[in-house]
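A short worksheet on the structure shown next.
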Amino acid sequence: MITRFGKYILIMMRVFRKPDKFKVFRNQLIIEINNLGIDSLGIVAIISVFMGAVVSIQTAYNIDSPLIPLTMVGFTTRQSVILEFSPTIISLILAGKVGSRIASEIGTMRVTEQIDALEIMGINPANYLIFPKISAAVLFNPVIIILSMGFGLTGGWLVSVFTGLFTTQDYIDGLRGWFDGFTIIYALIKTVVFAFLITSISGVEGYSVKGGAIDVGEASTRAVVWSSIMIILFNLILTQLLLS
């Protein structure tokens, strides 16, 4: 663990240096926003809609007392989606999709000696390969999470339309009731931290590969596992710091 953490710090010190050419960094940033962000919107939308629907159905099913208003369905769905589902669960899904892609991409470049070629040409490969990925995720993941929140709440509303378990008015009243804007800020803070963890850990795992194709696969697995563990750990830490 100490060796792995030390390697992570050393590589990050090389990553966070001034890019050799800002124009090249800007072009890479745009490419990574498309590869890591926009390409993930489809799966995020589908999962968010169905999970929002599931939360609203489960909440309505468990309200068996006439003393509890059905507006609690909208309130509970909103709080669940904003506070935990969108920032944390979606980040775990992105850790699997984005993290494995980053680790395998950089790991393949390592075993095919493309990274060695960059070093020979005088380019800082850690900065050139990893920094645009971290920047793209930190900038675009909050957009993904905000869209996820919207899709999740829409999924809950669709339940009122197609099942009749509660009315649309009850659901909207619950969404609007007792709203605290800090919950959005809390979710976005977590999102930025999780985006950094996913891309930096995956980048380091891929950059550190030694061997062949099998080792690249193992690095991709480690990237997903360690990213998921760190997301769960920092979710606890940030929740304690920000909500206590």
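Just so it is clear, none of the values below were taken in a lab; they were calculated from the coordinates. In this text the structure is predicted, and so the values were computed from the model without any measurement. Virtual Cβ from ideal backbone geometry, glycine too; neighbours counted across all protein chains shown.
At-a-glance table
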{"quantity": "The range 141-177 versus the range 210-224: alpha-carbon centroid distance in Å", "calculated": "40 Å"}
{"quantity": "Counted charge near Val209, where neighbours are those whose Cβ lies closer than 9 Å (Asp, Glu -1; Lys, Arg +1)", "calculated": "-1"}
{"quantity": "Farthest positive-ward along the range 139-231 dipole, Cα basis, beta-carbon charges - from Ile189, Leu158, Leu147", "calculated": "Ile189"}
{"quantity": "Of Pro66, Pro87, Pro142, the one that fluctuates the most in a GNM where the chain has Cα springs shorter than 10 Å", "calculated": "Pro66"}
{"quantity": "Label corresponding to Rg/Rh (Cα atoms, Kirkwood Rh) when calculated from the structure given, among [x] 1.07; [y] 0.98; [z] 1.03", "calculated": "[x]"}
{"quantity": "Net dipole in debye of the range 27-243 [+1 Lys, Arg Cβ; -1 Asp, Glu Cβ; about Cα centre; nearest 20]", "calculated": "140 debye"}
{"quantity": "Straight-distance crosslink candidates among lysines, where the alpha carbon sits under 19 Å from Lys21 and sequence neighbours closer than 8 are dropped", "calculated": "Lys133"}
{"quantity": "Percentage relative contact order, the chain, counting C-alpha pairs under 8 Å, at least six apart", "calculated": "34 percent"}
{"quantity": "Selection of chymotrypsin sites (Phe, Trp or Tyr not before Pro), the range 173-244, meeting DSSP coil and at most 11 other Cβ within 10 Å", "calculated": "Trp178"}
